[in-house]
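Structure record follows, encoded as structure tokens.
Please treat every number below as a calculation from the coordinates, not as lab data. Quick caveat, the model's predicted, so the values are computed rather than measured.
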Amino acid sequence: MQPNRINPADAPRCLSGFIQVRYLARWIHILVAVINMIYIYTPLHDWPGGLMLLKWLNFPVLILTGIWLMLGNKIWFGLRKRLAERQPKA
């Protein structure tokens, strides 16, 4: 295990969920990018359904996972903070 990496078992519950979602988003982002590279650098770009697949599936997934990887920390903890403020204190 790398020294700077957080072990999800040792992390608080909310941070553990964020780490799992980020890990999944990173791998989805990498796999979709590889699919795009395969489409561009192989003869698959002659396949008529390939362009539709790229336009309507790969690019939106690539963009959404990229945004999540860049801004996910602010979104995740901002929502957690707002939800904590809305709950009545006992």
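Phi angles of region 68-73 translate, via the Karplus equation with coefficients 6.51, -1.76, 1.60 and θ = phi - 60°, into HN-Hα couplings of 5, 5, 7, 10, x, 4 Hz per residue; Gly and Pro are given as x.
Between Y23 and I38, what length comes free when the chain is fully extended (0.36 nm per residue of separation minus the Cα-Cα distance, one decimal in nm)? Please list the in-between numbers first.
Details: separation 15, 0.36 × 15 = 5.40 nm, distance 2.28 nm.
Fully extending the segment from Y23 to I38 adds 3.1 nm.
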